[in-house]
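Undergrad: One structure follows; several queries about it will come next.
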Amino acid sequence: MTFKAYMLFLTGWLTFVYFPFVHMVWGGGMLQQWGVKDFAGGIVVHNIAGIAALASVLYVGRRRTRDNGPHSIPLVALGTGLLWFGWYGFNAGSEMRVDSVTATAFLNTDVAASFAAISWLVIAWMNEKKPKFLGLLTGAVAGLATITPAAGYVSPTTAVIIGVIAGVVCYYAVELKNKLRWDDALDVWGVHGVGGALGIVLLGLFADQRFNPDGSNGLFFGDANFFYKQVLAVLFSSVWAFVFTYGMLKVINIFTPVKVDEASEEAGLDESIHGEHAYEEMLASGTSSGSL
């Protein structure tokens, strides 16, 4: 994707997708008035971003150059650790004060990520015959994304269940992406899009007002209407995010090309767009520095 189109897309996406859902879910808008719950961004952050990634992947298409896989697994591990640590503030901090709900959200974040990491590792080991560290790390992020909307509304026991489900479901979502040859390099749809939507739906099943009086009771605790609202909210947000994302890319492409040309891609976007190189040794060896 060209840098100019990328900047235009970011501005448009914030204006027409992200900000509207911030208002609808957290700012007294339609979904909040309807009774939809999203503790820290299952819809507002993860689902709409994951669906936007899917729309972008389908519009832009596959890269012409070969995908060499993870750039550096140690750096993936470092990034996952930083994300996991930051997620405590992301989820627990959404309570905006320190109380029992804050502690529950903090604990649920850790528990769900841990169990999702292990369940992803196990299911991948069963299917791929090798336990992969990258799978463990990706599973942890899937657990973090999935527990996000439910962190302050469910019990730690439920967080275990959500983590296990997240690891398995998101693993197979990524496998589906691979089978369909969607060029989603960071698995944003499979991990964040599917994880965020899954978390909203599971909240509709497992929400428990004993752990947060300001929350709701889910289907398993006697409120079927709340579950239906959560499911409809996911469908609504997914359609909105996909249509607006795909539509914005088509409009932007009228004014400036969205996809880079073949020569720029072959040279690497670091060089062709920015005139910079991440690694001088790669330049010296004649290897493309690749895209950002």
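The values are calculated or read from the model by the stated rules, or taken from the named source; none is laboratory data. Every value quoted in this text rests on a predicted model; they were computed, and no experiment measured them. All Cβ positions, glycine included, derive from the backbone under ideal geometry; neighbour counts span all protein chains shown. Each accessible area value is taken on the protein alone, full model and side chains, heavy atoms only, with ligands, DNA and RNA left out. Shrake-Rupley method; radii C 1.70, N 1.55, O 1.52, S 1.80 Å.
Undergrad: Exactly one condition in (1) open to solvent by 40 Å² or more (accessible area, probe 1.4 Å); (2) within 21 Å of the chain's Cα centre (by Cα) is false for T148; which is it?
TA: (1)
Undergrad: Restricting the search to segment 95-142, which residues are under 24 Å from W26 (Cα atoms), open to solvent by 80 Å² or more (accessible area, probe 1.4 Å) and charged (D, E, K, R)?
TA: R97 - this is the single residue of segment 95-142 that is under 24 Å from W26 (Cα atoms), open to solvent by 80 Å² or more (accessible area, probe 1.4 Å) and charged (D, E, K, R).
Undergrad: The conditions are (1) modelled with pLDDT of 95 or more; (2) out of contact with any Cys (no Cβ under 8 Å at 6 or more places or on another chain); (3) assigned to a helix (DSSP H, G or I), and W120 fails exactly one of them. Which is it?
TA: All conditions pass for W120, except number (2).
Undergrad: Quick one: what pairs do we get from segment 181-203, first residue in contact (Cβ under 8 Å) with a residue 12 or more places away in the chain, second open to solvent by less than 10 Å² (accessible area, probe 1.4 Å) and acidic (D, E), C-beta under 7 Å, 6+ apart or different chains?
TA: Here the result reads I200/D38, each pair linking segment 181-203 to a residue that is open to solvent by less than 10 Å² (accessible area, probe 1.4 Å) and acidic (D, E).
Each row is one residue, and each column tells you yes or no for (1) among the β-branched types (V, I, T); (2) surrounded by 15 or more Cβ atoms within 10 Å (Cβ to Cβ); (3) over 14 Å from L202 (Cβ atoms).
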{"site": "L232", "(1), (2), (3)": "no, no, yes"}
{"site": "F244", "(1), (2), (3)": "no, yes, yes"}
{"site": "G247", "(1), (2), (3)": "no, no, yes"}
{"site": "I252", "(1), (2), (3)": "yes, yes, yes"}
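Undergrad: Inside segment 1-59, counting only helices (runs of 4 or more DSSP H) that do not spill past its ends, which hold 3 or more residues that are over 22 Å from Y153 (Cβ atoms)?
TA: 3-13
Undergrad: From the list L54, L58, which residue is among the hydrophobic types (A, V, I, L, M, F, W, C), open to solvent by 70 Å² or more (accessible area, probe 1.4 Å) and under 19 Å from V188 (Cα atoms)?
TA: None of the others qualify; the one that does is L58.
Undergrad: So V76 passes all but one of these: (1) in contact with a helix residue (DSSP H, G or I) (Cβ under 7 Å, 6 or more places away or on another chain); (2) farther than 26 Å from F220 by Cα; (3) of a type in the set (A, V, I, L, M); (4) modelled with pLDDT of 95 or more. Which condition number does it fail?
TA: (4)
Undergrad: Something else: What are the pairs with Cβ atoms under 9 angstrom where one residue, in segment 141-153, is under 18 Å from A103 (Cα atoms) and the other, located anywhere, is assigned to a loop (DSSP other than H, G, I, E, B) and hydroxyl-bearing (S, T, Y)? Sequence gap at least six, or different chains.
TA: Y153/S216
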